[in-house]
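Engineer: Structure below; questions to follow.
Just so it is clear, none of the values below were taken in a lab; they were calculated from the coordinates. Keep in mind the model is a prediction, meaning the values are calculated, not measured. Quick reminder, even Gly has a Cβ in these numbers, built from the backbone with ideal geometry, and neighbours come from all protein chains shown.
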Amino acid sequence: MEDNILNPKIVANEIVKEEEDFRHLNNPADGIKPITKKYLGVPTHVDKIGNKFYFTDGDAKVEIVVVNIEIIRVRLAPHGVFLPDFSYAVPELKHKHVPVELIENDTEFIVSTGKVNCHIRKADFFISFSDSNNVVTSSDAKAMHWEENTKFGGYYVFSTKECHADENFFGLGDKPTELNLRGKRLTNWNTDAYSFGWNQDPLYRSIPFYISVNEGIAHGIFFDNTFKAYFDFGSEDKTKTSFWADGGELQYYYIHGPHMMDVVKSYHILTGTHPMPPIWALGYHQCRWSYYPEAKLRAVAKGFRANKIPCDALYLDIDYMDGYRCFTWNRKYFPEPKKMIQELAADGFKTVVIIDPGIRVDDNYPVFKEGKQNNYFCRRSDDYFMEGHVWPGRCQFPDFTNPEVREWWGGLFDELVEMGVAGVWNDMNEPAVFGSGTFPDDVRHQYDGYRGSHRKAHNVYGMQMVRATYEGLRNIRKNKRPFTITRAGYSGLQRYASVWTGDNVASWEHLKLGNIQCQRLSMSGIPFCGTDIGGFSGEPDGELFTRWIQAGAFSPFMRAHSAGDTKEREPWSFGEPYTTINRKFIELRYRLLPYLYSTFWEHHRYGFPILRPVVMQEQHVLKNHFRQDEFTYGDKILICPVLEPGQKSRMVYLPHGNWYNFWTQEVVTGGEEVNVPTPLETIPVFIKAGSVIPEYPVMQYTGEFAIEEVKLNVYYSDYEANSFFFEDHGESFAYEQDIYSEKKFVVNGDERSLHIQQSMEGLYTPRYDNYHFNVIGLPFTPSKITVDSKEVTDFSVSDEKVLEFKFSKTFKTIQIHK
Ligand code: GLC
């Protein structure tokens, strides 16, 4: 033991006073007592290798890596030896070669990119960050510290930073609590949390990324550590923010703002964005545990078409399998699956099937046999197989952290794809085990060659499972985009899958919670997210279900799902007036599909989140740090779901600027709360002035018929505003070869005229010829319209003062005059 030998200062500081911070370490099961934390001493030496700087106190080493001018990574090696630089979240650290300066003065070393300065204080190794105006944005409240783990080896690692009076915190994935995390202590450990409750922690996913906003300036911390990890945002001590983990390296990225949006975009530079989904995946999905036998599934399909409610995807939950054995079919319930899937497809339904990680121990089951022969299943420390009970009974579990296993697993989808299965749903991949909850700590994992116990691999297991699924589908389907959905995951999972928030409950509280969880997931790097609409367990009444459909119409992922012991839960199950309203909102989803698809492109290409809480628009307004109901969908449409029963109206905050009430087209000036009527038929929806919102005709499923013209809804504004409109084939990866069309519209008006300009990028030409313009909110009666200097004479103005005309989609400039 080299307790307290780092330097005399540490001894003098008396380590004991820090111990109350992290009581979890006193868990007697760990057998680790007493706590003896060690702190960095005094930095005495510095080395530079390229963009990496090494500071040491004679024993421990700290590495400072300049990733780009806005991102700096900090790593600690307690005894000077770093672990290999490997991360599932950051597959490739894309260093940008930027000029970096190392400045030394009497009190500190400073690594400066020009935009961010990383200060290393000479007296005590405290690390802080400042911006180019020398505003300190983040600073250590204690030197980085650690505690030796005598049971497993390695260290418990800790970082503690200052927390300011008005500093607020956001992010961390799907924590079921207030959007603002100030005052909370939270844990990352993927957990199957059936019927979870408000403030229950942890849940299914671990996203160790948060954003701080203090005095209007944002920065992010991404603590890339897969072990059980903890975050304290001024909970134990309101002047301190800490994060720590039960193992691995103290390794974090400081991500510069100053805007929250800059932080999120930079986080995506590190961890990647979601690839473009097949466009059908943005339609409405209907799920249940379970639709069987085949006749039941077909009746549901028929119900959609008979009720004229659009739907693109139907799901098969575990009962489609033979004894819950993955990659098999229960032939009693589904005698001819291929025929059924193909007939559903002919009627516009994609079939999505569930696949869990537990493989039944059964020597007559080919998947088990193959896995066993090839040694693909996880083992315990003393070489016994990891066994546990899940749906199929006694199971073993593939080690998805082994690339060879991932490849094998990906190949297993061959037959399902050949049958026409269009998407795969990975569940129970926390991994969940009945009784014990999950695997014991000592299970070994290959971890892409960087071996470790389940303590290290637990939080990435689900992500690596869905990665194997995604990559397998991509290989088998050649150039077709896979659709995958996962319950568990870790930072970076967005490169492989969409997510849903797990087993929620049919209650108003859960509708509220889901609204927060989706916003939070979105700003934590997981754009393609949704809840089980209606609530998984329990029974919603018609009102709750309809309010959930209305909110879900603006979720990036829209799926109704329910447990097997509940009543029927299709959009028509509650009778009138609910069916009509549900239909109207699902139709609205399809009308706005090109807008959502364009927003997805903005995410994929530029790293913008799809849902943006109000605080992301106006982080300098402290009050906005506490708003969590309203959000924007993309940056043009503001939504505020109705989250209470019987609510006839509600207050909605609109950020600054002018907004159009989508239903009445009345203009409202933002910057304050407005009272909005909320009869059951509507929820508050506002469109930002200056927006161009593309609209498709209502279809019963995507691609039902060829689009003949696209509506462009242009909302007048007296300031300049930009909009995007993205289109492509909707199914292939051709967009990677620039086969897409990205249009940019610029709208600008004054009292007498409105100008609309269009520019285009990409090599894709949509089939339709014309745009149907709907110009809303003109403050004058139009008398003359010129497009690319040709006059348009055929136009009309409706009673609602909407100007309508048509013109070729290739227009460049439109001028509308009084
Ligand atoms: C889990 C899933 C749920 C699914 C059920 C049966 O509870 O979260 O969505 O329906 O398992 O597969």
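Engineer: Under 4 °C and 1.567 mPa s, how fast does the chain diffuse according to Stokes-Einstein, given a Kirkwood radius computed over C-alpha pairs? Answer in µm²/s, whole number.
Structural biologist: Translational D for this selection: 46 µm²/s.
Engineer: Multiply the residue gap between His389 and Glu370 by 0.36 nm, knock off their C-alpha separation, and tell me the result in nm, one decimal place.
Structural biologist: 4.9 nm
Engineer: Among the listed pairs Lys142/Lys228; Lys296/Lys648; Lys142/Lys265, give every one whose C-alpha distance is greater than 26 Å. Kindly include the intermediate steps, with their values, before the conclusion.
Structural biologist: On the way: Lys142/Lys228 21 Å; Lys296/Lys648 37 Å; Lys142/Lys265 29 Å.
Correct reply: Lys296/Lys648; Lys142/Lys265.
Engineer: Continuing with the same structure: Tell me, what is the FRET efficiency for Glu804 and Glu568 to the nearest 0.05, using R0 = 41 angstrom and their Cβ-Cβ distance as r?
Structural biologist: 0.50
Engineer: Asn475 to Val135: FRET efficiency via 1/(1 + (r/R0)^6), r the Cβ-Cβ distance, R0 60 Å, to the nearest 0.05? Show your work: numbers first, answer last.
Structural biologist: Numbers: r = 49 Å, r/R0 = 0.81.
Here the calculated transfer efficiency is 0.80.
Engineer: Quick one: if the Förster radius is 60 Å, what FRET efficiency do Thr239 and Trp663 give, using the C-beta to C-beta distance and rounding to 0.05?
Structural biologist: The value I calculate is 0.80.
Engineer: Counting just the Cα atoms, what span does the stretch 706-817 cover along each of its three principal axes? Round to the nearest Å and put the largest first.
Structural biologist: 45, 28, 26
Engineer: Let me ask something else about it. Can you give me the relative contact order of the stretch 2-271 as a percent, contacts being Cα pairs under 8 Å and 6 or more apart?
Structural biologist: On the way: 618 pairs, mean separation 42.5, N = 270.
Averaging sequence separation for qualifying contacts and normalising by length gives 16 percent for the stretch 2-271.
Engineer: Another question, if that's okay. So what is the relative contact order for the stretch 202-353, in percent, with contacts set as C-alpha pairs under 8 Å and at least six apart? Please report the intermediate quantities before stating the final value.
Structural biologist: Values: 204 pairs, mean separation 24.5, N = 152.
Relative CO of the stretch 202-353 lands at 16 percent.
Engineer: In addition: If you average the C-alpha positions of the stretch 743-785 and of the stretch 58-101 separately, how far apart do those two centres end up, in angstrom?
Structural biologist: When both Cα centres are located, 48 Å separates them.
Engineer: Here's something else I'd like to know. Given the pairs Lys744/Lys809; Lys302/Lys350; Lys52/Lys161; Lys350/Lys809; Lys308/Lys636, which are separated by over 19 angstrom at their Cα positions?
Structural biologist: Working: Lys744/Lys809 12 Å; Lys302/Lys350 14 Å; Lys52/Lys161 23 Å; Lys350/Lys809 31 Å; Lys308/Lys636 29 Å.
Over 19 Å apart, Cα to Cα: Lys52/Lys161; Lys350/Lys809; Lys308/Lys636.
Engineer: If the label point is 7 Å along Cα→Cβ of Arg451, which residues in the stretch 398-429 have backbone nitrogen under 19 Å from it?
Structural biologist: Taking a point 7 Å out along Cα→Cβ of Arg451, the residues of the stretch 398-429 whose backbone N falls under 19 Å are 398-406.
Engineer: At 7 Å along Cα-to-Cβ for each site, give me the label-to-label distance between Ile739 and Asp47 in nm.
Structural biologist: That separation, rounded to one decimal, is 5.0 nm.
Engineer: Report, to the nearest 10°, how far helix 578-591 tilts away from the longest principal axis of the Cα atoms in the chain, using its own Cα long axis and a range of 0 to 90°.
Structural biologist: Once rounded, the angle reads 80 degrees.
Engineer: Provide, in order from the shortest bin, the percent of all Cα-Cα pairs of the stretch 81-198 in each 5 Å bin, continuing until the bin that contains the maximum pair distance.
Structural biologist: 2, 8, 11, 14, 18, 19, 15, 8, 3, 2, 0, 0
Engineer: Next question, about the same structure. Quote the relative contact order of the chain in percent (integer), defining contacts as alpha-carbon pairs under 8 Å separated by 6+ residues.
Structural biologist: In percent, rounded to a whole number, it is 9.
Engineer: Here's something else I'd like to know. Taking the 0 to 90 degree range and rounding to the nearest ten, how far is the long axis of helix 260-271 tilted relative to the main principal axis of the chain, both from C-alpha atoms?
Structural biologist: Between helix and principal axis, roughly 70 degrees.
Engineer: Let me ask something else. Go ahead and collect, in residue order, the members of the stretch 557-596 whose backbone nitrogen is under 20 Å from a label point 7 Å along the Cα-Cβ direction of Ser195.
Structural biologist: 561-569
Engineer: Return P(r) of the stretch 650-787 (all Cα-Cα pairs; 5 Å bins starting at 0; whole %; ordered from short to long distances).
Structural biologist: 2, 8, 15, 18, 17, 15, 12, 9, 3, 0
Engineer: Now a separate question. Summing +1 for each Lys or Arg and -1 for each Asp or Glu, what net charge is found among the other residues whose Cβ lies under 11 Å from the Cβ of Leu592?
Structural biologist: That sum, taken over residues with Cβ under 11 Å, equals +2.
Engineer: I've got another one for you. Across the stretch 808-818, in residue order, what do the Karplus-derived ³J(HN,Hα) couplings come to in whole Hz, using 6.51 cos²θ - 1.76 cosθ + 1.60 with θ = phi - 60° and x for Gly and Pro?
Structural biologist: Computed from phi, the couplings for the stretch 808-818 are 4, 5, 8, 4, 10, 9, 10, 10, 10, 10, 5 Hz.
Engineer: Another question, then. How far is helix 454-476 tilted, in degrees, relative to the longest principal axis of the Cα atoms in the chain, given as a value from 0 to 90 rounded to the nearest 10?
Structural biologist: That works out to roughly 40 degrees.
Engineer: Treating the Cα atoms of the stretch 2-271 as identical point scatterers in vacuum, please give the log10 of the normalised Debye intensity I(q)/I(0) at q = 0.14, 0.16 Å⁻¹, two decimals.
Structural biologist: Scattering profile of the stretch 2-271, log10 relative to I(0): -1.00, -1.35.
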